[in-house]
Amino acid sequence: MTETPVERAAGVIDLRPLFAPTSIAVVGASPRSWIAETVRDNLLVMGSETRCHFVNPKYEELHGQACYPSLEALPERPDIAIVALNPLRAASVTEAAAAAGVPAVIIPGGGVVEGGEAAAAMQLEVARIARAHGIALLGPNCMGVIDLVANSATYIGDVSPYLPRGGVAGIAQSGSVSDAFVHSGDRIGFSRIISCGSEVVLDVCDYLAYCLDDPETRSVILFLEGFKRPERFLALADRALELGKPIMAVKVGRSDQAQAAAVAHTGSLAGETRVTDAALDAAGVIRCRDLDELLETAELVEGIRRTGRRVGRGRSGVVTVSTGEASLIADLVPETGLDLPPITAAARAAILETLPTMGYIGNPLDPWGAAEPATAYGAAFEAMAASGAYDVLAIVHDFPYRSLPSEVNTANEVAKALLAATADRPGILPVYVSLTSGEPPPETKALLDTVGGGAPLLRGAVEAFRAIAEVARWEARHERRVEGRPWRAAWPELAADRTSYGADPTPTLRRARPPAAMSEPESLAFIRATGIAVSEATAVGDAAAAVRVARTIGRPVALKLDAVGLAHKSDVGGVALGLRGDDAVYGAALTLLETGRRRGLTVRGLLVEAMAPPGVELILGLRRDPQFGPAVLVGIGGTLTEVLDDVSIRLAPVDAAAAGAMLDGLRGSRILGTVRGRRAVDRGALIEMLMALGRLGMERPDVLEVDINPVIASASGAIAVDALVVLEGPPDVGR
């Protein structure tokens, strides 16, 4: 048929019919397929007002209701057509939906992506039809949507009757993970759950933008395998940070491609995963390591929404029912980054006044047995709450398998003490933590949902305490974002754009051209132009010339082999350091030139440099990631850089605060301070270098890598001793 463009804003697809349909049609409904019956029954279980029609010309009646021969024969125009046929026939259904004016199509099912050329052709065709007609197409290869705000679903799996409505939107690029969201229990309240599928017309950015625009959605959890539009995703995440809507994400997938393509140390040290972490961090995304962490963090965020409280600075006071568990928590907390301030003197005195037999008072605290539970835990929580030292108070009590009545009574008693102590103190968030993953008894869950404003319930020590630490960090980031600027200046405008993926003019990732490495003299001159202090290197052609130059610049000197394509000289014995006399310089020069010839290198000559003053050796660098663009790196440098693997990475550009945080984030950061009488290094000089690299990355898109190793940092400044700059080669290189 002739394609007739639909009147709409250019490139913008209306997603509302996809999430809040008045009626839906299951095309290809049959007795052999479970899809039609499952979708209809889900709506019945939910008590939804969305009407569900069946379409198949072979049947007049199916599953106890009328079945229609075509979309045109339906008594109303549906908002969504769900493909219940072999996905390879999805193009014909999408064409029919376009002809009938149906605004949304869902193509569920598995194996579509792996279906070879036929599946690929189908995806191209349905995308073409959907783009031409402005159809909101979900999938292919998805599970569908559950929208608890609209109380509707087009989900091909069973919708859990225990799934509560709340403020969390769940978006997953995996069908099984969306099912994990659906069946995560009754703790996390969802606004909607979206299974993305293959994203041929709408991608995770489209769904995320819709959720951020929705006032009912207060936070988002994501399961990500990849990004169709990486920069747009970061821009939307930054918008969520500004709005105060936390985004929590599990990002899977590791690649050796970046490491294999790296020329400089910077590339191999940064890698794809670390740059992804840096990018998500720049946009304020809470990175979770697995689904357990994701769901516990979501429950904490949702609990904060329910209670109207905050984590604040995350200063946590923990009370347990076991000395052994208190010790376990103390061992695990350093892994999570949680702040456990000691109990104040005033709180200690208040506890001892009521519980004089307490032998040890610390954080975590175990008052079990010091008095009846109501008295002991009431005294502990009241004293800690009144001290002003804590933003979060947590009770740790496990939920074993099918908790017996006595265990339930104990859980409720200690929880009541926590809730009572925090009821009139809105600046403190109460949290219930079970170190094990058992299901909470309904009585305890009801207590935590209703008494004293309620409290989130978290499971697993590491997951719970990491969630508190990460949400505290996020709240601080949110405050800074509201008062300040986005990490990248272009993000707000990009986040406001609602152009759908299928119509986005943003170019896809282009094929990288072969890298072209500069020589060391060229590299040093290049970075000197950015304002970075560099060591002067003089090029010479033979040993005699090396001696003459060494006499003029003073001793000691360093000699380096200068050869075409030699990126890392020390790896081949191409560096000689600390040379003082003429004989030493001459002999080292001959040795280096012979090394180059023996290895079959095209030797340009030698570089003569004055030895830098003593100091700390660091590596500073820049790497252009194919997805997220330039990222800046600092690490402990020298010949053991990659062995030590002690680096901090941030997305470019970096300001002074971010650069300082990079230095503080090194495991070996203490060597930058005063150590055994040696004065602290000039942090300001290093910060200026990092900021200069960030500016370079933003201003010069042809710069692929910069590797400055080592930078010698001392109390008097910092100087680049060696450098390697890698540019993108010209378009005709290698063709």
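Quantify, in whole percent, the carbon and sulfur part of the accessible surface of the chain (1.4 Å probe; protein heavy atoms only).
After summing per-atom areas, the C and S share lands at 53 percent.
Run through region 18-71 and list the chymotrypsin sites (Phe, Trp or Tyr not before Pro) located in a DSSP loop whose Cβ has at most 14 other Cβ atoms within 10 Å.
Here the chymotrypsin sites (Phe, Trp or Tyr not before Pro) that fit, given the DSSP loop and packing criteria, are 34.
Less than 20 Å from a label point 7 Å out along the Cα-to-Cβ axis of residue 349: which backbone N atoms in region 365-380 qualify, by residue?
Correct set: 379-380.
Just to confirm a number: summing +1 for Lys and Arg and -1 for Asp and Glu over residues other than residue 84 whose beta-carbon lies under 13 angstrom from that of residue 84, what do you get?
Neighbourhood net charge equals +3.
Of [x] 1.01; [y] 1.06; [z] 0.96, which is the value of Rg/Rh (Cα atoms, Kirkwood Rh) derived from the coordinates here?
Calculated Rg/Rh (Cα atoms, Kirkwood Rh): the matching label is [y].
Any idea of residue 344's accessible area? Nearest 10 Å², probe 1.4 Å.
In the full protein context, residue 344 sits at about 40 Å².
How far is it, in nm, from the label point at residue 332 to the one at residue 290 when both lie 7 Å from their Cα along the line to the Cβ?
Result: 1.2 nm between the two label points.
Under 14 Å from the Cβ of residue 389, count the other residues' Cβ atoms, weight Lys and Arg +1, Asp and Glu -1, and hand me the total.
Its environment carries a net charge of +1.
Could you derive backbone 3J(HN,Hα) for region 542-559 from the dihedral phi with the Karplus parameters 6.51, -1.76 and 1.60 (θ = phi - 60°), listing whole Hz in sequence and x where the residue is Gly or Pro?
For region 542-559, the Karplus-derived couplings read 8, 5, 5, 5, 4, 5, 4, 5, 4, 5, 7, 9, x, 10, x, 10, 10, 10 Hz, x marking Gly and Pro.
What share of the DSSP beta bridges in the chain is antiparallel, in percent to the nearest 5?
Bridges in the chain are about 50 percent antiparallel.
So, counting K/R as plus one and D/E as minus one, what does the shell of residues with Cβ under 13 Å around residue 355 add up to?
-3
Which ³J(HN,Hα) values in Hz, rounded to whole numbers, follow from the phi angles of region 313-325 under the Karplus curve 6.51 cos²θ - 1.76 cosθ + 1.60, where θ = phi - 60° and Gly and Pro get x?
6, x, 5, 10, x, 10, 10, 10, 10, 7, 5, x, 5
Would you be so kind as to identify which of 301, 39, 689 lies farthest towards the positive end of the dipole of the chain, taking Lys and Arg as +1 and Asp and Glu as -1 on Cβ and the Cα centre as origin?
689
What length, rounded to one decimal in nm, is gained on full extension from residue 216 through to residue 679, with 0.36 nm per residue of separation minus their alpha-carbon distance?
161.2 nm
Helix-only estimate, please: 222 nm mean residue ellipticity of the chain, summing -39500 (n - 2.57) across DSSP H runs of length 4 or more and dividing by its residues, to the nearest 500.
-12000 deg cm²/dmol
Report for region 15-95 the percent antiparallel among DSSP-assigned beta bridges with both residues inside it, nearest 5.
Taking every DSSP beta bridge within region 15-95, about 15 percent pair in antiparallel fashion.
For helix 116-133, what angle does its Cα long axis make with the longest principal axis of the chain, in degrees from 0 to 90 and rounded to 10?
70
Given the protein chains as shown and a 1.4 Å probe, how many square angstrom of residue 133 are accessible, to the nearest 10?
Per-residue accessible area (residue 133): approximately 20 Å².
Taking only Cα atoms, what is the 0 to 90° angle, nearest 10, from helix 373-386's long axis to the longest principal axis of the chain?
Computed tilt is about 50 degrees.
For the charge dipole of the chain, defined by +1 on Lys and Arg C-beta atoms and -1 on Asp and Glu C-beta atoms about the Cα centroid, which residue among 534, 169, 189 has the Cα displaced farthest towards the positive pole?
534
Which order do you get for 487, 368, 474 if you rank them by accessible area with a 1.4 Å probe, largest at the top?
The ordering from most to least exposed comes out as 368, 487, 474.
What residues have an amide H closer than 5 Å to that of residue 604, excluding those fewer than 5 places away on the same chain, when H is modeled at 1.01 Å from N in the peptide plane?
562, 563, 564
Once fully extended, how much extra length lies between residue 128 and residue 552, figured as 0.36 nm per residue of separation less the alpha-carbon to alpha-carbon distance?
Length difference between fully extended and current span is 145.6 nm.
Starting from the Cα of residue 416, draw a straight line to each of the lysines and keep only those under 28 Å, dropping any in the same chain fewer than 8 residues away.
445
Mind ordering 594-602, 494-502, 297-305 by average Cβ neighbours within 10 Å, highest first?
Result, highest mean first: 297-305, 494-502, 594-602.
Considering only protein heavy atoms, what is the solvent-accessible area of residue 712 at a probe of 1.4 Å, reported in Å² to the nearest 10?
20
Full extension from residue 437 to residue 407: what is 0.36 nm times the residue separation minus their Cα-Cα distance, to one decimal in nm?
The span from residue 437 to residue 407 would gain 9.3 nm if fully extended.
What distance in nm lies between label points placed 7 Å from Cα along the C-beta direction at residue 99 and residue 503?
Each label point is offset 7 Å from its Cα along the Cβ direction, giving 2.4 nm.
Report, ordered by chain and residue number, the lysines lying within cross-link reach of residue 251, taken as a straight Cα distance under 25 Å and ignoring same-chain residues fewer than 8 apart.
Output for residue 251: 228.
Which angle between 0 and 90 degrees, to the nearest 10, do you get for helix 265-282 versus the longest principal axis of the chain when only C-alpha atoms count?
Helix 265-282 sits at roughly 40 degrees to that axis.
The values are calculated or read from the model by the stated rules, or taken from the named source; none is laboratory data. Note that this is a predicted model, so its numbers are computed, not measured. Neighbour counts run over all protein chains shown; Cβ positions are idealised from the backbone, glycine included. Areas reflect the complete protein model, heavy atoms only, side chains present, ligands, DNA and RNA absent. Shrake-Rupley method; radii C 1.70, N 1.55, O 1.52, S 1.80 Å.
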